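The values are calculated or read from the model by the stated rules, or taken from the named source; none is laboratory data. Because the structure is a prediction, the values reported are computed rather than measured. When we count neighbours, we look across all protein chains shown, and the Cβ atoms used for this are built from the backbone with ideal geometry, even at glycine.
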Amino acid sequence: MSRLTASWHKRAETLPWARAAGPTWLQIAAVVSIVGGVLAVTVVGLAIEESNSFIVYLAVVSAAVIALQLSGLGRWISETFTSHSRIAAVAGVAAAVAFPFTQGGSGYWVRVFASIGVFAVAALGLNVVVGLAGLLDLGYVAFFGVGAYTGALLGGARLGTIDVQLPFPAVVLIGGAVAAGVGVIIGAPTLRLRGDYLAIVTLGFGEIFRITVNNWTGLTRGPNGVAGIPDLVVGPFDFGERHELFGISLAGFTNYYFLEIVLLLGAILVFTRMDQSRIGRAWVAIREDETAAEAMGINTTRLKLLAFAIGAAMAGVAGTVNSHVTSQVSPDSYTFIESILLVAAVVLGGMGTVPGALLGSTLLFVIPEKLRAFQQSRLLLFGIALILIMRFRPQGLIPSRRRTRELQADDPSGGDGLGAPRAGPVPVE
């Protein structure tokens with residue numbers, strides 16, 4: 001299999017379009033066309049109601065992507081998007097804004113994608129902890145839950161234990177601050193641990209949080225949870241009402257969907273700035289070799305604690321908003337499997353990358369949702385798909401250049417971890 005893949009890559013490198021950059025206007029047109037094509041493919045796929053037909057459609061799309069990669073066009077597309085990253089970002093935001101207008105007034109998938117937006121913000125926070133700092137956190141969903149309960153208790157829930165309703169911006173800031181504080185409290189005595197030991201401690205913290213909110217009936221109402229969380233109201237604008245835009249009636253969840261886009265853009269800005277900063281480079285050094293990083297003068301304990309706090313704050317903000325989207329919070333929503341799904345989204349999409357976290361979060365929501373007809377075996381099918389992806393694409397679907405170089409260094413043949421030879425020197429970031 002590896003020899004066949006290597007042969008295809010060698011052949012692809014000799015094709016003219018694999019090396020030709022093309023004029024700037026052609027590259028920009030290609031970026032806009034590809035983003036629009038992705039939106040069209042997504043809309044058509046979501047419109048397929050029968051699970052068997054959706055699986056066939058997904059297989060055809062996957063085969064087309066693989067064919068593009070093997071033909072050499074995949075590399076050209078990747079380099080074009082890298083060269084025009086700002087235009088690609090603007091086109092991506094425009095496609096996301098346009099998505100609700102393609103649903104014909106139906107709010108089902110808009111609601112699903114609003115949940116994906118919250119999940120993606122939390123995944124970006126976990127990407128700081130796992131993707132940059134290399135700290136395996138198996139209890140990360142607890143910080144999401146801290147933000148959710150903070151938003152529920154301070155957001156004026158009808159079935160709550162605190163009779164107070166603060167303005168939404170204040171609740172978001174408090175939710176993020178409380179989650180960050182909990183992250184510092186938990187991380188301070190435990191971040192001297194490494195590897196599997198740290199993973200076990202964070203797993204225990206996640207279970208402690210779930211058990212605590214399940215039994216603290218005086219504050220969290222125990223298993224009943226906090227319900228009746230009102231819709232957000234910012235000035236005269238009620239997020240729960242239907243609105244018309246350009247003559248098109250949009251479902252109530254569309255307002256939360258647009259809010260999630262704004263929240264996601266903020267999370268992307270925070271992640272990219274941290275990744276490109278000196279702190280981000282120090283996190284990567286800690287991830288690669290903590291002993292060597294400490295010998296070079298990096299305060300590893302402080303920086304790992306900072307990563308924990310920033311990741312927890314992003315999860316807390318996402319949880320605060322999600323409490324209004326779902327209108328209720330309960331302990332059942334913050335189990336160990338939710339933490340595993342967040343880790344899977346980061347690893348599946350590509351650790352240390354923004355597009356990877358977004359793609360991983362989307363796939364982990366949409367595919368199980370479309371396979372509901374296979375109620376008994378859909379998780380089995382989903383697990384098999386994850387195994388295959390990790391076997392044949394270990395760096396993730398959209399890997400970072402750092403992660404690609406790591407796999408190349410681990411591959412004695414000098415390939416990319418998939419049996420394909422290197423295409424030449426990898427540019428240094």
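The set of residues in the range 234-256 being within 17 Å of VAL172 (Cβ to Cβ) and either without any contact (Cβ under 8 Å) to a residue 24 or more places away in the chain or of a type in the set (Phe, Trp, Tyr) (or both) consists of GLY235, PHE237, PHE239, ASN255, TYR256.
Within the range 157-182, can you find the residues that are surrounded by 14 or more Cβ atoms within 10 Å (Cβ to Cβ), of a type outside the set (A, V, I, L, M), touching a strand residue (DSSP E or B) at 6+ places or on another chain (Cβ under 9 Å) and part of a helix (DSSP H, G or I)? Within the range 157-182, PHE168 is the sole residue that qualifies. The helices (runs of 4 or more DSSP H) found wholly in the range 227-329 and carrying at least 1 residues that are under 22 Å from ARG192 (Cβ atoms) and polar (S, T, N, Q) occupy 290-295, 300-326.
Every condition in (1) among the hydrophobic types (A, V, I, L, M, F, W, C); (2) modelled with pLDDT of 90 or more; (3) in a loop (DSSP other than H, G, I, E, B) is met by VAL213 except one, and the failing one is (3). Contact map, the range 347-368: residues that are of a type in the set (S, T, N, Q) paired with residues that are buried (at least 21 other Cβ atoms within 10 Å of the Cβ) and modelled with pLDDT of 85 or more, Cβ distance under 7 Å, separation 6+ or inter-chain. Pairs shown: SER361/ILE116; SER361/PHE119; SER361/ALA120; SER361/ALA123; SER361/ALA345; THR362/ILE116.
With respect to GLY352, is the statement that it is among the small types (Gly, Ala, Ser), part of a helix (DSSP H, G or I) and under 21 Å from ALA180 (Cα atoms) true? I'd like the intermediate steps shown before the answer.
On the way: among the small types (Gly, Ala, Ser): yes; part of a helix (DSSP H, G or I): no; under 21 Å from ALA180 (Cα atoms): yes.
Against the criterion (among the small types (Gly, Ala, Ser), part of a helix (DSSP H, G or I) and under 21 Å from ALA180 (Cα atoms)), GLY352 does not qualify.
Every condition in (1) surrounded by fewer than 23 Cβ atoms within 10 Å (Cβ to Cβ); (2) of a type in the set (S, T, N, Q); (3) under 17 Å from the mean Cα position of the chain (by Cα) holds for THR353 except the one numbered (1).
Please determine whether any residue of the range 115-138 is without any contact (Cβ under 8 Å) to a residue 60 or more places away in the chain and over 30 Å from ILE279 (Cβ atoms). Quick ask: steps written out before the conclusion?
Of the residues in the range 115-138, the ones without any contact (Cβ under 8 Å) to a residue 60 or more places away in the chain are none.
No: the range 115-138 contains no residue that is without any contact (Cβ under 8 Å) to a residue 60 or more places away in the chain and over 30 Å from ILE279 (Cβ atoms).
Within the range 297-324, residues that are within 14 Å of ALA282 (Cβ to Cβ) and free of Cβ contacts under 8 Å to residues at least 12 places away in the same chain reach partners that are surrounded by fewer than 24 Cβ atoms within 10 Å (Cβ to Cβ) and of a type outside the set (Lys, Arg) with beta carbons closer than 9 Å, at six or more positions or on different chains, in the pairs ASN299/ALA282.
Of the residues screened, THR335 is one that is out of contact with any Leu (no Cβ under 8 Å at 6 or more places or on another chain), of a type in the set (S, T, N, Q) and in contact (Cβ under 8 Å) with a residue 24 or more places away in the chain. Determine whether PHE209 is under 24 Å from VAL171 (Cβ atoms), under 27 Å from the mean Cα position of the chain (by Cα) and not β-branched (Val, Ile, Thr). Criteria met by PHE209.
Against the criterion of being more than 25 Å from VAL129 (Cα to Cα) and among the polar types (S, T, N, Q), SER277 does not qualify.
Taking ASP275, is it among the acidic types (Asp, Glu) and either modelled with pLDDT of 90 or more or within 20 Å of LEU136 (Cα to Cα) (or both)? Give the derivation first.
Values: among the acidic types (Asp, Glu): yes; either modelled with pLDDT of 90 or more or within 20 Å of LEU136 (Cα to Cα) (or both): yes.
The answer is yes for ASP275.
Scanning the range 95-114 for residues that are in contact (Cβ under 8 Å) with a residue 40 or more places away in the chain, surrounded by fewer than 21 Cβ atoms within 10 Å (Cβ to Cβ) and more than 15 Å from LEU245 (Cα to Cα) returns ALA95, ALA96, ARG111, VAL112.
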